[in-house]
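Working notes for the structure below.
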Amino acid sequence: MDVLKVGVVGAGHMGKIHGKLLHSLPMFDFQGFYDPAAQASDSPFPYFDSLQSLLDACQCLSICSSTVAHAELAEAALRQGKHVFIEKPITQTAAEAQHLLHFCGPGKPVVAVGQVERFNPAFTAALPLISNPRRIEAVRYATQGSRGLDVSVVLDMMIHDIDLILALIQAPIASIQASGHRSFTQSCDTAQVSLEFENGSQALMLASRAHVRRYRSLTVYEDHQTLDLDLLNHSLAVQPWKGQNPSTLYPEIIPNNAILDELEDWGQAILTGKSPRVDALAGLKNVDLAEKIIQSMRYADSNFS
């Protein structure tokens, strides 16, 4: 099997996870990090003194920098023919994501986006069971942290549920209603969004990074069943609605490392020419909807600016 030389931009929490996992995958030969804000002593892996020196040593680049830098870093790599994995969201704006699509396509570098919930074992177990979602409810709560605060909670956290919902309901959006509140940043920290799709389906999303506990769930309502996914604890319950006294079903969940799986999926896409599970077009659609949600947001905080 061909071995792909790969590097990571950003040696923070997520970057170090990527470095460790890429080093463990036989399809990759991990070269090291580029991060001007980090110290080389932080890791047993090499640190490069510039982005270009890392690109010169690699065929592939994993971008784990702040969101605002995604577009510039990805374009620099793609212009040199490097395959790119970009942590979610693909870019800060839909226009930036649209621009990156010019570098994608047959015979061009493979771009994958780190929408890790697509690889959540509860979601992968539920996906074959879902045929026609009529309503989806997504709840995502986190306690106050220091990561992802350069963007709205919509781009920081809700982007995961946007991705799952758009993967399940493949219809144009008819209307968006959104409200938000600022708690400890100059951006939106808590958001509630209601979506109506042209096929009649609905979705409700709640996200907060100012909560007292962590919680991640996805509930899918269909005409014949309800599926309740615990995305945090990796469990799935299915309640059929036909027949006499239907019993709740608990499909088997196969444990996995979702980040490892998405990086391996990217590598397989590079080696086989197949599309990654979450490609650049999916990343664009996610950010485009997030941008429309932010633009339509009404705020409970009267001092919001």
Segment 214-237 - residue that is farther than 16 Å from residue 138 by Cα and not acidic (Asp, Glu) and, of those, surrounded by the most Cβ atoms within 10 Å (Cβ to Cβ):
225
Any residue in segment 182-197 that's in contact (Cβ under 8 Å) with a residue 40 or more places away in the chain: show its pairings with residues that are of a type in the set (Asp, Glu) at Cβ separation under 8 Å, as long as the two are six or more apart or on different chains.
182/189; 182/301
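Assigned to a loop (DSSP other than H, G, I, E, B), in contact with a strand residue (DSSP E or B) (Cβ under 6 Å, 6 or more places away or on another chain) and over 23 Å from residue 70 (Cβ atoms) - does that describe any residue in segment 242-249? Don't jump to the end; show me each part of the working.
Filtering segment 242-249 for residues assigned to a loop (DSSP other than H, G, I, E, B) gives 242-248.
Remaining after also requiring in contact with a strand residue (DSSP E or B) (Cβ under 6 Å, 6 or more places away or on another chain): 246, 248.
With over 23 Å from residue 70 (Cβ atoms) added as a condition, the list becomes 246, 248.
Yes, some residue in segment 242-249 is assigned to a loop (DSSP other than H, G, I, E, B), in contact with a strand residue (DSSP E or B) (Cβ under 6 Å, 6 or more places away or on another chain) and over 23 Å from residue 70 (Cβ atoms).
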Hey, any hits in segment 239-249 for a residue that's touching a residue at least 12 places away in the same chain (Cβ under 8 Å) and under 30 Å from residue 62 (Cβ atoms)?
no
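Please go through segment 238-260 and pick out each residue that is surrounded by fewer than 17 Cβ atoms within 10 Å (Cβ to Cβ) and within 26 Å of residue 153 (Cβ to Cβ).
Let us first name the residues in segment 238-260 that are surrounded by fewer than 17 Cβ atoms within 10 Å (Cβ to Cβ), namely 239-252, 254-257.
Scanning segment 238-260 gives a single hit, 257.
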Is it the case that segment 216-224 has a residue that's without any contact (Cβ under 8 Å) to a residue 40 or more places away in the chain, touching a Lys or Arg at 6+ places or on another chain (Cβ under 8 Å) and not hydrophobic (A, V, I, L, M, F, W, C)?
yes
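The numbers here are math on the coordinates, done by the rules we state, and not lab data. Bear in mind that the values here come from a model prediction, so they are computed numbers and not experimental data. Positions of Cβ are backbone-derived with ideal geometry, glycine not excepted, and every protein chain shown enters the neighbour counts.
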